[in-house]
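Step one of this worksheet: look at the structure below.
The values are calculated or read from the model by the stated rules, or taken from the named source; none is laboratory data. These numbers come from a predicted model, not from an experiment. FYI the Cβ positions are ideal-geometry reconstructions off the backbone, even for glycines, and counts take in every protein chain you see.
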Amino acid sequence: MIDTIGEQQDEEKIQEIVPIISGKVNVADYLEAQAVEQPCKRAVIVPSGRDKKTGRNLYSHVTFSQLLGITNRYSWALDGDGVKFGDRVLVGLKPGIDLVAVTFALFKMGAVPVFIDPGMGKEGLLACIKQVTARVVIAEFKAHILAALNKSAFSSIEKFYNIGNFQIGRMQSLQKLPYSRENFTIVETEGKDLAAILFTSGSTGTAKGVLYTHSIFAHQIKLIRKTYKVTTDDVDMSIFPLFALFAVSMGMPTVIPDMDCSRPLTANPRKICRVIHDQGVTFSFGSPTFWDKMAGFCVKHEFKFPSLRALLMAGCSVPGELHERFLDNLLGPDGDVYVPYGATESLPLTSMTGSGVLMGMREKSDGGAGTCVGKRVTDKVEIKIIKITDDPIKDWDGSMVLPKGEIGEIVVKGVIVTSEYFERPDANEKSKIREGRYTWHRMGDLGYFDEEGYLWFCGRKVDRVKLLEHELYTDCCENVFNTHEKVKRSALIPFTDVSGETEAVIVIQPNNKLDVKDQSAVQVLEKEILDIAHNNWVTKKISRVLVKESFPVDVRHNAKIKRDLLTVWADSLLKN
């Protein structure tokens, strides 16, 4: 249903392949196919407490056939109540069977589910809801309370549904709506038709609605399956709730973790370990910070994950030490860590294994080379490095492209790259480059290609520190200091002194080997860090060191440092 064509080779003789949609495709096709091919196999598995007599964990589940039945029921109910093709539908459901079923029901109807990260905070959440002007909301009861108390943000909503049995005012129970037991025929959609809107976390600026077409989803499903060798024998447990949709589409049973996925660092590691062992989880996707917490618990309590063959980490750079802990102590002989590189706007672009990092890349990273994120996973995506600029770029110009080894801005084009944001012309102007009818996405990341074709990530463009005649990049610098035995992580930030000159500051978050209340020990660490800085050509321009007990981070990954808040803290400290 999806065709691609190769254009003429460019000046560097690299084939550019872009999607041309000539047929019909709908993401709901994947669920129907699985229900036919493996109807009695478990599709979604949910923890449901513990047996009082034995203490064993209890689980409930639905098969692919049962999941399709629930999906059909919801499609009939919503269709009969006036939800139409193209309607934008706010989905505010907890990870589980209903989230998966409702989403596929909307795909079937040609309606457009909208997913907004609740972890971004109330004000950010309400701003996104107001911006997207959805007509329908399907959510937990507490989301309806939020709507009642913030009517202006929800002013576009005409239909309110909940999954429970509540029917108060305009809010209806989805379960109580009339429905048919027949299969709901999937609405024909073109690959270019809008399938869903996924909002970015807003951790590096204002959250933006990313437009996903059915074609993009279809290509991602195919690419993830191929890149990570997913089969129907795998069992998924993902800390990122929406990955359950991909797991189901690939015919992989997905286990809902026993935790609040919107706040991953509040998870109880013992509960997560039990789920992995009980269900024989082979595939899992979460942030490095989450898996760092898990690794610390597992090493201490001698837990291992012999079933886990593919552990994916994304959201920020993965320290070499974390790769080492999992590969040396926690995974079985066939297990590996995988680091996909991308963003909400385009994922996955490249992928790197933990075993590959430990076989030579780690030493380069520790020396200041940045973080290796692997090679591109498909020739249907083009990745280029262009000259760094903070200005908008309206039209593509091949002269912007830098040669191998030079650090620049990472830009991408291809079958999994989204072409625009929802109702955000300002963001489109800053992040998109037009090339005829195709679009390059500016990742906002800095990096370079080495001679072997590996992509190296150097940090976010907005986070680079610009000195008089020199620029410093976060990942290049921070990896150097993160090797110190008392450093948990570090953050490169700018400081403007009274004369108006910018200085480079490295802020250190120590691990539990340092007591931050011991000022003499802190001073020793500061001196050691400054010595490291001055002995490395990448970091020698850093002039100040500060120590902070903890860093402000994003909620979605608990990993991306909120450098703007850290800079304000450092500024007030250094100017006093």
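Just a few scattered comments:
- Residue check for F290: at pLDDT 95 or above and within 28 Å of T231 (Cβ to Cβ): no
- Positions within region 420-443 being in a loop (DSSP other than H, G, I, E, B) and surrounded by 19 or more Cβ atoms within 10 Å (Cβ to Cβ), in sequence order: F422
Quick grid of which residues meet (1) within 29 Å of the chain's Cα centre (by Cα); (2) assigned to a strand (DSSP E or B); (3) at pLDDT 95 or above:
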site: Q8; (1), (2), (3): no, no, no
site: N26; (1), (2), (3): yes, no, yes
site: V46; (1), (2), (3): yes, yes, yes
site: V62; (1), (2), (3): yes, yes, yes
site: L67; (1), (2), (3): yes, no, yes
site: R73; (1), (2), (3): no, no, yes
site: A77; (1), (2), (3): no, no, yes
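- Restricting region 546-574 to residues that are in contact with a Lys or Arg (Cβ under 8 Å, 6 or more places away or on another chain), aliphatic (A, V, I, L, M) and farther than 22 Å from T266 by Cα leaves a set whose member that is modelled with the highest pLDDT is L566.
For every residue, the table says whether it meets (1) of a type in the set (S, T, N, Q); (2) more than 27 Å from F217 (Cα to Cα).
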| site | (1), (2) |
| --- | --- |
| T378 | yes, no |
| V381 | no, no |
| V401 | no, yes |
| E435 | no, no |
| Y448 | no, yes |
| E451 | no, yes |
| V480 | no, yes |
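- Residue count for region 95-129, restricted to those that are at pLDDT 95 or above and among the basic types (K, R): 1
- Of note, R434 does not satisfy the criterion of being charged (D, E, K, R), under 27 Å from G354 (Cα atoms), in contact (Cβ under 8 Å) with a residue 24 or more places away in the chain and not assigned by TED's automatic domain parsing to the domain that holds A195.
- Complete set of residues in region 154-170 that are without any contact (Cβ under 8 Å) to a residue 40 or more places away in the chain and surrounded by fewer than 19 Cβ atoms within 10 Å (Cβ to Cβ): S155, S156, E158, G164, N165, F166, Q167, I168, G169, R170
- Residues of region 396-419 satisfying the condition of being at positive phi and assigned to a strand (DSSP E or B): G414
Rundown of residues vs (1) free of Cβ contacts under 8 Å to residues at least 40 places away in the same chain; (2) part of a helix (DSSP H, G or I); (3) under 22 Å from G96 (Cα atoms), yes/no style:
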residue	(1), (2), (3)
L198	no, no, yes
S215	no, yes, no
H219	no, yes, no
K222	yes, yes, no
K229	no, no, no
T232	no, no, yes
P241	no, no, yes
V248	no, yes, yes
G251	no, no, yes
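- Residues (among the aliphatic types (A, V, I, L, M) and under 16 Å from E452 (Cα atoms)) located in region 361-388: M361, A369, V373, V377, I383, I385
- I410 surrounded by 20 or more Cβ atoms within 10 Å (Cβ to Cβ) and modelled with pLDDT of 95 or more: yes
- The one condition from (1) in a strand (DSSP E or B); (2) surrounded by 18 or more Cβ atoms within 10 Å (Cβ to Cβ); (3) within 21 Å of the chain's Cα centre (by Cα) that K375 does not meet is (2).
- Assessment of region 171-186 against the conditions (in a strand (DSSP E or B), aromatic (F, W, Y) and either in contact (Cβ under 8 Å) with a residue 24 or more places away in the chain or in the same structural domain as S65 (by TED's automatic domain parsing) (or both)) yields no matching residue.
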